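One structure is given here, and the rest of the page talks about it.
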């Protein structure tokens, strides 16, 4: 895994010689302890190798919510964001009430994020209810993790008034659990993720599951959620499956992106997905089938052209 992360970081820093004079694209990702950063680094490498005239680099950000604002302002060319965040931004609802980002377009949905509530094995935290009165990380400010945590908690009758909410990124959350500064933390990320893997290598951890009722309550509040099972053995010491919720991750651009560029990025990503899988196994879900089943907003015309060429069954709401 460390080799994968190192390769992704190098991809973000090195521009292929053939593209030394290429126009550089910026990819907004997240913290270095999640999947967005290495995935973005792999995508940057694919763009540099297979999209003529362009190179790309990744930017460390606060993730989904911040990334949508970066796309709206034109400060980033591509961004990774959770589907619930993308949908709320596009429609001006939820966390984006009064600040609609109708210019957002999708190139693809690339893999599902699983909400992972992690604690130490001896913490006594076995359910959402056990978080009451405790010190808990809900994710970095402006991240999709925090947005997902808020929805899940509030749908099940728990607000920030009921516990001591800490807004930490993935690495900070893992360190704080390890050091005893907090009792638990939320991740919304493609499993497995390096920060939880590193924590599990030094401490006995427990991943807290959600009940069927908690999942249904959350899905009523956020229709882009879907049940998801974390497999046994995903992390050291994880001896049984854990049921939770997942949300697709969407690769977003501005509607003003050149159609040919959007087409070429989409084509390169799908046709060289093996190179993304070599960076992170989450890319195993970067398929046309997953994308057209999961994307909550319209595709960019360039992406749509590629999908139509390969005969994808595109949904009505995915057409601009």
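Miscellaneous remarks
- Residue within the range 205-215 that is touching a residue at least 60 places away in the same chain (Cβ under 8 Å), over 19 Å from residue 126 (Cα atoms) and assigned to a helix (DSSP H, G or I) present: no
- For the range 268-291, the tally of residues that are assigned to a loop (DSSP other than H, G, I, E, B) and over 20 Å from residue 189 (Cα atoms) stands at 1.
- Residues (under 17 Å from residue 112 (Cα atoms) and touching a helix residue (DSSP H, G or I) at 6+ places or on another chain (Cβ under 7 Å)) located in the range 211-227: 218, 222, 224, 225, 227
- Enumeration of residues in the range 220-267 that are without any contact (Cβ under 8 Å) to a residue 24 or more places away in the chain, exposed (fewer than 14 other Cβ atoms within 10 Å of the Cβ) and either assigned to a strand (DSSP E or B) or assigned by TED's automatic domain parsing to the domain that holds residue 35 (or both): 229
- Members of the range 129-141 that are surrounded by fewer than 24 Cβ atoms within 10 Å (Cβ to Cβ) and on the phi > 0 side of the Ramachandran plot: 133
- Entirely in the range 112-200, the strands (runs of 3 or more DSSP E) that have 1 or more residues that are at pLDDT 95 or above and closer than 21 Å to residue 212 by Cβ: 184-189
- Residue check, residue 100 closer than 23 Å to residue 221 by Cβ and free of Cβ contacts under 8 Å to residues at least 60 places away in the same chain: yes
- Those residues of the range 292-320 which are part of a helix (DSSP H, G or I), touching a helix residue (DSSP H, G or I) at 6+ places or on another chain (Cβ under 9 Å) and modelled with pLDDT of 95 or more, in sequence order: 301, 302, 303, 304, 305, 306, 307, 309, 318
- Restricting attention to the range 71-95, the residues being surrounded by 21 or more Cβ atoms within 10 Å (Cβ to Cβ) and touching a helix residue (DSSP H, G or I) at 6+ places or on another chain (Cβ under 6 Å) number 8.
- Residue 12 vs. criteria assigned to a helix (DSSP H, G or I), at pLDDT below 90, in the same structural domain as residue 262 (by TED's automatic domain parsing) and touching a strand residue (DSSP E or B) at 6+ places or on another chain (Cβ under 7 Å): yes
- Filtering the range 142-181 to residues that are more than 22 Å from residue 86 (Cα to Cα) and surrounded by 24 or more Cβ atoms within 10 Å (Cβ to Cβ) leaves 173, 174, 177.
Residues checked against (1) in contact (Cβ under 8 Å) with a residue 24 or more places away in the chain; (2) within 19 Å of the chain's Cα centre (by Cα); (3) closer than 30 Å to residue 295 by Cβ:
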{"site": "123", "(1), (2), (3)": "yes, no, no"}
{"site": "134", "(1), (2), (3)": "yes, no, no"}
{"site": "143", "(1), (2), (3)": "yes, yes, yes"}
{"site": "149", "(1), (2), (3)": "yes, yes, yes"}
{"site": "161", "(1), (2), (3)": "no, no, no"}
{"site": "168", "(1), (2), (3)": "yes, yes, yes"}
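- Which numbered condition residue 274 fails, given (1) free of Cβ contacts under 8 Å to residues at least 12 places away in the same chain; (2) within 19 Å of residue 27 (Cβ to Cβ): (2)
The values are calculated or read from the model by the stated rules, or taken from the named source; none is laboratory data. Keep in mind that this is a model prediction, so the values were computed, not measured. FYI the Cβ positions are ideal-geometry reconstructions off the backbone, even for glycines, and counts take in every protein chain you see.
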